[in-house]
Amino acid sequence: MWLLISDLKAILAVSWITDQILRSKKKKYMRWVMGVRKKYKRKIVRSNRLFYWYVEPDIDDEGIIKLHIVSEDKKLIVTYEVGQHSIKNKIPFIVIIGEEFEGWTTEYIGYRRVLTPKWSDEIITPKLIGEIIDWCLLKDKEINIVNWKSEILRPLS
């Protein structure tokens, strides 16, 4: 079996990264190693921070079209189902995936669903993206935890 020089470089890079991970005592090492994939994503700057956003169907959720917002450091990661405002008897919510969300004080691992204000979300615009990011970073807001059907489980604040 012959190895090309490019294959050898790739193997060495992977082994170096693995070595750094094993030596690292931090649990959140992957955020340092892996960056945000920027291909096919739009950029927006809010509060002097860079965020990437894109809209695509969620295969795991019956192909529902969702807006994804990711901060450059991957601490703020949220998804928002497009068109929630126009659905009758549906309370809009956002899914928090990342560790950063202002107002959330308890330790929690996994997806968190929180009620949101009613935004005009039929068309995704940079203004809407900015409103969502600003709301996520707002310290004084009411946080109500909901399940996947938008039923309130308990208020957090």
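Things to note:
Quick grid of which residues meet (1) within 22 Å of residue 38 (Cα to Cα); (2) in the same structural domain as residue 44 (by TED's automatic domain parsing); (3) not hydroxyl-bearing (Ser, Thr, Tyr):
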site	(1), (2), (3)
136	yes, yes, yes
143	no, yes, yes
146	no, yes, yes
150	no, yes, no
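- Residue that is surrounded by the most Cβ atoms within 10 Å (Cβ to Cβ) [pool: residues in the stretch 123-149 that are at pLDDT 85 or above, over 15 Å from residue 78 (Cβ atoms) and of a type outside the set (A, V, I, L, M, F, W, C)]: 144
- Test: residue in the stretch 112-128 that is in the same structural domain as residue 53 (by TED's automatic domain parsing), out of contact with any strand residue (DSSP E or B) (no Cβ under 6 Å at 6 or more places or on another chain), touching a residue at least 12 places away in the same chain (Cβ under 8 Å) and among the acidic types (Asp, Glu): yes
- Qualifying positions in the stretch 81-106 - surrounded by fewer than 18 Cβ atoms within 10 Å (Cβ to Cβ), under 17 Å from the mean Cα position of the chain (by Cα) and of a type outside the set (Val, Ile, Thr): 98, 99, 100, 102, 103, 104
The values are calculated or read from the model by the stated rules, or taken from the named source; none is laboratory data. From a predicted model like this one, the values you see are computed outputs, not experimental measurements. With ideal geometry, Cβ positions are generated from the backbone for all residues, glycine too; neighbour counts draw on all protein chains shown.
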